[in-house]
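A.B. asks: Here it is: the structure, laid out below.
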Amino acid sequence: MQDYASLTLLIFLLCVIPSCFELAVAKDGVCSAPESVFAEDSNLRPMYWKVTNPTLAPSHLQDLPGFTRSVYERDHALITPESHVLSPLPEWKNTLGAYLITPAMGSHFVMYIAKMLGNAKSALPPSGVERFVFVVHGAVTLTNGSDDTHNLKVDSYAYLPPNVHHSVESEASATLVVFERRYALEGEYNPELIIGSTDKQNLLETPGEVFQLRKLLPTSMAYDFNIHVMDFQPGEFLNVKEVHYNQHGLLLLEGQGIYRLGNSWYPVQAGDAIWMAPFVPQWYAALGKTRTRYLLYKDVNRNPL
Ligand code: UGY
Ligand code: MN
């Protein structure tokens, strides 16, 4: 029995090592997956070549029919860009949207991508609903009141309190990520319209943690949510294995890493969106070669009862 196993191992090594060696020579010492050997010229590809050249690289996985990294679970969701389904945003002009988080999942807020196609204009949220808009591509003009106009470029944002009349317009194409929720405790506080950009926000203390933190909204009681911008260098991770009552909507703006959600561990990269229900265990480690930056919705300042 043992002899048979040794023989099998020997045959396997004899088969694998020479081909690995050829590739190592061909690829400057890197014994990598052979998928690129036939990639250039389809005439060189033998019949059934995919059987022994499986698709391995993430870039190819995106083209694999039926494959997606997106996941939808009871207490979390990962929505990756190849799963976005765009349709005209109700009442917006020349704008396609993809709702990534909605109350149908259990959230009390929506998070959506708005792709303004040029000569585009937003519609107002329903009465009593506050809105946060962050520019991820292009530039837009925010108008509120009669002549108050602000130009928002990438990395700029605006918070519109409930029932504040406004419009966001773009001449050329622009992409926004938008968060909206029904304002909690309307009448008790008066949140104000806020315009800003991430780079103008101070770094905040993060006791016990290593990531860099900026908050895009004031922390006062008038605001029932905040948007955090969190930066991790490669190799940095959350020290706290968080479980908390707050909900999150997250958009990865830069970098890649591993997100733990409940008992699942997901490779994630820029463009990915995540929904975290209350109390879902959550943890992140940044990997790759560049900084991770993510945008994070978090409900705050209200009694959960
Ligand atoms: O503030 C937070 O709850 C944040 N640290 N959570 C997270 O990054 N998943
Ligand atoms: Mn958290």
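The values are calculated or read from the model by the stated rules, or taken from the named source; none is laboratory data. All values derive from a computational prediction rather than experimental measurement. Because the Cβ atoms are built from the backbone with ideal geometry, glycine has one as well, and the counts that use them run over all protein chains shown. Side chains are part of the model used for accessible areas, which takes the heavy atoms of the whole protein and leaves out ligands, DNA and RNA. Shrake-Rupley method; radii C 1.70, N 1.55, O 1.52, S 1.80 Å.
A.B. asks: Place a +1 charge on the Cβ of each Lys and Arg in the stretch 157-285 and a -1 charge on the Cβ of each Asp and Glu, then give the dipole magnitude about the Cα centre in debye, rounded to the nearest 20.
C.D. replies: So the dipole magnitude of the stretch 157-285 works out to roughly 300 debye.
A.B. asks: Set Lys and Arg Cβ to +1 and Asp and Glu Cβ to -1, take the dipole of the stretch 83-201 about its Cα centre, and tell me which of SER167, LEU142, VAL110 lies farthest positive.
C.D. replies: Result: VAL110, furthest along the dipole toward the positive end.
A.B. asks: By average Cβ neighbour count within 10 Å, what is the ranking of 243-250, 94-101 from highest down?
C.D. replies: Packing order, densest peptide first, comes out as 94-101, 243-250.
A.B. asks: Among rounded, prolate and oblate, which fits the stretch 172-305 when a ≥ b ≥ c are the square roots of the eigenvalues of its C-alpha gyration tensor, a/c under 1.5 means rounded, and a/b larger than b/c means prolate?
C.D. replies: prolate
A.B. asks: Can you pull the one-decimal nm distance between simple spin-label points at GLU73 and LEU185, each 7 Å off the Cα toward Cβ?
C.D. replies: In this crude label model, GLU73 to LEU185 measures out at 3.3 nm.
A.B. asks: Something else about it: At a 1.4 Å probe radius, carbon and sulfur cover how many percent of the accessible area of the stretch 141-283?
C.D. replies: Looking at the stretch 141-283 in its full context, I get 50 percent from C and S.
A.B. asks: Could you sort out which of LYS121/LYS215; LYS215/LYS241; LYS153/LYS215; LYS200/LYS298 sit more than 24 Å apart by Cα distance in this structure?
C.D. replies: Listed pairs above 24 Å: LYS121/LYS215.
A.B. asks: May I ask you to evaluate 6.51 cos²θ - 1.76 cosθ + 1.60, the Karplus curve with θ = phi - 60°, for each residue of the stretch 148-158 and list the ³J(HN,Hα) values in order in whole Hz, giving x for glycine and proline?
C.D. replies: Here the 3J(HN,Hα) series is 8, 10, 10, 8, 10, 10, 3, 5, 9, 8, 9 Hz.
A.B. asks: May I ask you to give the solvent-accessible area per residue for the stretch 174-301, in square angstrom, as obtained with a 1.4 angstrom probe?
C.D. replies: Per residue, the stretch 174-301 has 44 Å² of solvent-accessible surface.
A.B. asks: What list of ³J(HN,Hα) values in whole Hz, one per residue of the stretch 228-245 in order, does the Karplus curve 6.51 cos²θ - 1.76 cosθ + 1.60 (θ = phi - 60°) give from phi, with Gly and Pro shown as x?
C.D. replies: 9, 10, 10, 10, 10, 7, x, x, 7, 8, 5, 6, 7, 8, 6, 9, 8, 6
A.B. asks: Could you give the dipole magnitude of the stretch 129-211 about its Cα centre, charging the beta-carbon of Lys and Arg +1 and that of Asp and Glu -1, in debye to the nearest 20?
C.D. replies: Rounded to the nearest 20 debye, it is 160 debye.
A.B. asks: Okay, moving on. Have a look at PHE237, SER220, SER197 and report the one farthest towards the positive end of the charge dipole of the stretch 163-248, computed about the Cα centre with Cβ charges (Lys/Arg +1, Asp/Glu -1).
C.D. replies: The residue sitting farthest along the positive end of the dipole is PHE237.
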